[in-house]
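Engineer: The structure's right below; bear with me while I get my questions together.
Nothing in this text is a laboratory measurement; each read-out follows from the coordinates by a stated rule. Owing to the predicted nature of the structure, the values given are computational and were not obtained by experimental measurement. No Cβ is skipped: glycine too gets one built from the backbone with ideal geometry, and neighbour counts run over all protein chains shown.
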């Protein structure tokens with residue numbers, strides 16, 4: 001029996017060498033798939049979008065304030081500003097609450113609370129954006145409508161979208177910030193206590209600054225999620241294709257512009273929508289670049 | 001946990017470090033000359049911050065409970081049998097076809113993404129030479145893929161699979177788009193769990209005369225399995241909840257993909273169905289019912305994933 005196994009191994013020797021290198025090449029090829037995917041995405045988006053941008057004129061397209069597909073006028077400046085406003089609004093809501101929750105989880109909560117709260121935050125991250133959007137339509141929109149009534153505003157507004165996105169980016173900011181807060185060496189905290197600082201002062205004046213690059217990268221991830229979010233925004237933002245008028249007025253983001261009109265668009269209109277996607281993609285690449293800069297800086301420190 | 005108490009001057013103090021402070025620190029009249037003024041400031045800061053972080057955590061937990069509770073309370077009474085009828089029509093607004101399509105979509109996307117992601121991770125961890133440039137590029141591109149929003153994947157899928165490769169609005173286009181989307185997730189979780197397998201396993205295997213391939217499949221992969229599995233399930237959760245990437249790649253037909261060329265049928269998954277229902281606004285009750293099914297499905301998938309991941313961490317702790 002042992003003999004058989006030994007001869008089998010010896011006999012397989014020739015083919016196994018071949019097999020080894022074949023599999024090695026297969027693994028290598030699979031590793032290259034993600035490179036190919038990014039290359040393909042870049043090529044197809046830019047090849048389809050850039051000619052359109054130049055056909056419309058880069059300035060007309062990027063800085064034009066009128067979006068009138070019926071008249072073949074395509075300016076996406078309102079949508080760019082809309083995306084930036086909504087993202088900024090979501091940061092105003094999400095960043096303070098997110099960082100404070102991360103601080104609580106990392107340095108204040110007891111074991112039991114932590115055991116309850118951590119899975120809860122994972123659940124929050126897992127809820128699909130359509131469900132967030134539906135919740136926004138059913139709960140936030142009527143509530144904001146009441147709030148906005150004295151200002152002549154409407155329920156589907158920048159405020160509603162910012163609020164909803166702020167909630168949606170909470171889990172990202174919390175988990176990343178908490179991880180970096182947890183990674184601060186214990187001696188920092190102990191040193192601060194030894195110098196007579198209170199627990200709170202040590203946490204906020206010593207630990208939080210020490211973890212700032214991690215917290216910042218969490219915020220950048222949140223920005224990426226916020227600016228790229230589509231379904232939830234489209235359901236609560238009102239989607240009027242005009243310059244944002246105010247906190248309680250509807251606006252349209254780049255993402256919702258694409259989804260709203262792609263269904264029936266043709267010719268130049270369709271190309272303009274794809275070009276909107278290209279502009280969004282460039283924003284995302286810039287954000288990714290910032291993220292890797294911040295992260296790279298942390299590794300060097 | 002420090003206990004809160006109200007002291008003689010009516011201020012809220014907390015914890016033992018507070019009660020030790022000098023009495024004049026509480027006296028507002030002498031504030032200007034008070035040598036302990038700083039300590040008062042510190043106390044206000046401490047108490048304020050302590051409550052602020054608690055409030056923030058309470059808000060986060062409250063939002064989750066409210067959101068899930070609201071959907072469940074409004075949705076469960078709307079879970080009628082007619083929602084689960086085999087075929088969809090505008091009377092029953094059945095979610096069954098989209099549920100089946102979601103299943104098909106998930107299986108197809110995982111069939112493509114899992115081998116690719118796992119093999120890629122095997123190369124990165126087991127084969128690539130240390131400090132290789134290729135590994136850096138692969139990591140960078142994987143990170144880039146992870147940051148791309150789903151609507152951009154949708155656009156790419158529309159341009160590449162639907163138009164360029166002539167797959168049309170179909171199950172195939174949708175699942176291939178989703179496969180690229182979850183590839184980095186599977187790659188990263190596999191990479192992490194492969195790296196958590198102790199090197200002594202590999203050394204032992206090589207020492208007994210096993211080849212590289214045998215070592216990878218027989219020795220390294222089995223203990224890394226829970227981690228890989230939890231990544232795959234996490235990817236499943238993302239597929240089930242995805243909408244924006246599917247609207248213009250898989251379309252929104254309401255029947256089950258079937259027949260010989262089912263791969264080329266236009267399909268709508270549960271999340272897309274949910275979006276169509278709530279944007280039409282005609283079937284609010286049914287939309288609530290669908291929301292419950294979608295929410296429970298995704299939350300259950302994520303719970304299973306983290307449960308499996310937890311058995312992994314336990315396993316490695318025992319090994320150590």
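Engineer: Using a 10 angstrom cutoff on alpha carbons, build the Gaussian network for chain A and name the most mobile of A:113, A:175, A:101.
Structural biologist: Top of the fluctuation ranking is A:113.
Engineer: Right, here's the next one. Given the rule -39500 (n - 2.57) for each run of at least 4 DSSP H residues, summed and divided by the residues of chain B, what is its mean residue ellipticity at 222 nm, to the nearest 500 deg cm²/dmol?
Structural biologist: Mean residue ellipticity at 222 nm (helix-derived): -21000 deg cm²/dmol.
Engineer: Mind checking the mean number of beta-carbon atoms from other chains within 10 Å of the Cβ atoms in A:53-65?
Structural biologist: 0
Engineer: Ignoring everything except DSSP H segments at least 4 long, calculate the 222 nm mean residue ellipticity for chain A; use -39,500 (n - 2.57) per segment, divide by total residues, nearest 500. Show your work: numbers first, answer last.
Structural biologist: Details: 13 runs with 223 residues, N = 301.
Taking each H run of at least 4 residues, the total per residue is -25000 deg cm²/dmol.
Engineer: Springs between alpha-carbon pairs under 10 angstrom, Gaussian network model over chain A: which of A:221, A:28, A:247 fluctuates most?
Structural biologist: A:28
Engineer: So what's the range A:133-289 giving for Cα Rg divided by 2.2 N^0.38 Å, two decimals? Provide the component values of the computation, followed by the final result.
Structural biologist: Working: Rg = 20.6 Å, N = 157, 2.2 N^0.38 = 15.0 Å.
So the range A:133-289 has a normalised radius of gyration of 1.37.
Engineer: Using only Cα atoms, locate the centre of the range A:102-117 and the centre of the range B:233-279, then give the distance between them in Å, rounded to an integer.
Structural biologist: What the calculation gives is 38 Å, centre to centre.
Engineer: Over the range B:170-254, what number does the Rg to Rh ratio reach, with both radii from the alpha-carbon atoms and Rh per Kirkwood?
Structural biologist: A ratio of 1.19.
Engineer: Relative contact order for the range B:181-320: what is it in percent, counting Cα pairs under 8 Å that are at least 6 residues apart?
Structural biologist: Here the relative contact order equals 28 percent.
Engineer: Put a dot 7 Å past each Cα toward the Cβ at residue B:140 and residue A:66; how far apart are the dots in nm?
Structural biologist: Rounded to a tenth, the inter-label distance reads 4.3 nm.
Engineer: Just for the Cα atoms in the range B:79-229, what are the lengths along the principal axes, largest first, rounded to whole Å?
Structural biologist: Sorted largest first, the three principal extents are 67, 35, 24 Å.
Engineer: What angle do you read, to the nearest 10 degrees and between 0 and 90, between the alpha-carbon axis of helix B:96-122 and the longest principal axis of chain B?
Structural biologist: 80
Engineer: Still on this structure, please answer the following. Sorted by mean Cβ packing within 10 Å, highest first, what order do the peptides A:67-74, A:280-287, B:138-145 take?
Structural biologist: Going by the mean number of other Cβ atoms within 10 Å, highest first, we get B:138-145, A:280-287, A:67-74.
Engineer: How would you rank B:92-102, B:65-75, highest first, on the average number of other Cβ atoms within 10 Å across their residues?
Structural biologist: So the order, starting with the most tightly packed, is B:92-102, B:65-75.
Engineer: If you wrap a convex hull around the Cα atoms of chain B, how much volume per residue is inside, in Å³?
Structural biologist: Convex hull of Cα atoms, per residue: 253 Å³.
Engineer: Measure of size requested: the Rg and Dmax of the protein assembly as shown, with Cα atoms as the atom set and Å as the unit; please supply both.
Structural biologist: When restricted to Cα atoms, the protein assembly as shown yields Rg and Dmax of 27.3, 97 Å.
Engineer: Continuing with this model, one more query. May I ask for the distance between the Cα centers of the range A:131-145 and the range B:105-159, given as a whole number of Å?
Structural biologist: 35
Engineer: Report the semi-axes of the equivalent ellipsoid for chain A in whole Å, largest first, where each axis is √(5λ) for an eigenvalue λ of the Cα gyration tensor.
Structural biologist: With the √(5λ) rule applied to chain A, the semi-axes are 41, 35, 19 Å.
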